[in-house]
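Enquirer: Below: one structure in structure tokens.
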Amino acid sequence: MPDSSFCVVAMDGGAASGKSSTAKLVAARSHFLHVDTGAHYRALTAAALSKGLGPEEGDALDQFLETVELETAINGHDGLIRLNGRIPSKAEIRAENVNAAVSRFAALPAVRACVKTYQQEQEAVARAAGFRGLVMDGRDIGTVIFPHADLKVFLVADPAERAARRARDGQNDTISDRDHLDSTRDTAPLQAAADAVVIDNSHLSLEEVVERITTLLRERGF
Ligand code: CDP
């Protein structure tokens with residue numbers, strides 16, 4: 001049994017694998033804070049692109065990253081990123097140019113270094129705000145950000161099902177290209193932690209996935 005009453009859940013998986021929807025529902029059911037780290041990379045990408053900076057910009061991009069201040073705004077069970085005093089909108093961070101560039105930004109060590117401490121600090125943010133836990137979704141949460149998480153879940157789904165989900169959302173998003181870039185990069189690649197529980201949700205409802213995670217949490221004493 002864990003000695004702490006606070007629980008950290010790392011939820012990783014590829015693009016459109018259902019991480020955010022699952023994490024949101026787990027957070028609401030268990031009174032955890034949900035933090036979507038994809039939004040962090042998307043917010044940085046949108047901000048850099050709006051300044052005319054691409055992922056190959058080198059020094060200019062490094063200088064921009066040094067000016068970045070990150071804070072968290074809590075909205076219900078969501079911990080939203082505030083970048084240089086502003087919370088970027090969903091439309092901004094899910095725009096087509098961001099979908100197309102985000103994985104190239106996220107592969108840069110300087111970009112990952114810019115958000116790493118901020119992401120690790122979200123545990124303290126959640127504790128201070130009175131949540132019972134933190135559920136963070138991304139690609140490297142169980143491997144790099146919280147290697148000692150109380151529960152690690154790695155979500156997978158059929159490529160066809162994932163593409164259909166994005167199409168249903170009305171989004172133009174080359175998820176297989178992003179998965180390829182995310183899995184083959186040198187720094188913090190997309191991969192399941194050795195101790196992650198892999199859940200294939202291709203043929204499971206959101207409810208069924210959340211039920212499995214709730215059971216795993218109960219088994220771990222939460
Ligand atoms: O919503 P979706 O699963 O399509 O993607 P996302 O979670 O919003 O993440 C967008 C992109 O950010 C990913 O394709 C990765 O390139 C990057 N990312 C990452 O490198 N590490 C994370 N922990 C989260 C996202």
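The values are calculated or read from the model by the stated rules, or taken from the named source; none is laboratory data. Source: prediction; values computed, not measured. For neighbour counting, all protein chains shown are included, and Cβ atoms are generated from backbone atoms with ideal geometry for every residue, glycine included. Side chains included, ligands, DNA and RNA excluded: accessible areas come from the protein's heavy atoms. Shrake-Rupley method; radii C 1.70, N 1.55, O 1.52, S 1.80 Å.
Enquirer: Does any residue of the range 138-156 turn out to be part of a helix (DSSP H, G or I), loosely packed, with under 15 Cβ neighbours inside 10 Å and modelled with pLDDT of 95 or more? Steps first, please.
Expert: Our first condition is that a residue be part of a helix (DSSP H, G or I); within the range 138-156, this holds for 141-145.
Restricting the remaining residues to those that are loosely packed, with under 15 Cβ neighbours inside 10 Å gives none.
No: zero hits.
Enquirer: What is the one condition in (1) within 13 Å of the ligand (Cβ to nearest atom); (2) open to solvent by less than 60 Å² (accessible area, probe 1.4 Å); (3) under 15 Å from Val35 (Cα atoms); (4) out of contact with any Leu (no Cβ under 7 Å at 6 or more places or on another chain) that Gly133 does not satisfy?
Expert: Exception for Gly133: condition (1).
Enquirer: Also, quick follow-up: From the list Ala192, Ala188, pick out the single residue that is open to solvent by 20 Å² or more (accessible area, probe 1.4 Å), small (Gly, Ala, Ser), within 19 Å of Thr37 (Cβ to Cβ) and in a loop (DSSP other than H, G, I, E, B).
Expert: Values: Ala188 fails: open to solvent by 20 Å² or more (accessible area, probe 1.4 Å).
From the options Ala192, Ala188, the qualifying one is Ala192.
Enquirer: Could you grab me the full set of residues in the range 146-192 that are within 10 Å of the ligand (Cβ to nearest atom), aliphatic (A, V, I, L, M) and under 21 Å from Asn97 (Cα atoms)?
Expert: Ile175, Leu181, listed by residue number.
Enquirer: Still on this structure, please answer the following. Considering every residue within the range 24-38, establish whether at least one is of a type in the set (Ser, Thr, Tyr) and either within 18 Å of Ala196 (Cβ to Cβ) or at pLDDT 95 or above (or both). Break it down stepwise before answering.
Expert: Of the residues in the range 24-38, the ones of a type in the set (Ser, Thr, Tyr) are 30, 37.
So of that shortlist, the ones also either within 18 Å of Ala196 (Cβ to Cβ) or at pLDDT 95 or above (or both) come out as 30, 37.
Yes, the conditions are met somewhere in the range 24-38.
Enquirer: Now a separate question. Glu121: modelled with pLDDT of 95 or more and open to solvent by 70 Å² or more (accessible area, probe 1.4 Å), yes or no?
Expert: Numbers: modelled with pLDDT of 95 or more: yes; open to solvent by 70 Å² or more (accessible area, probe 1.4 Å): yes.
Here the answer is yes, as Glu121 does meet what is asked.
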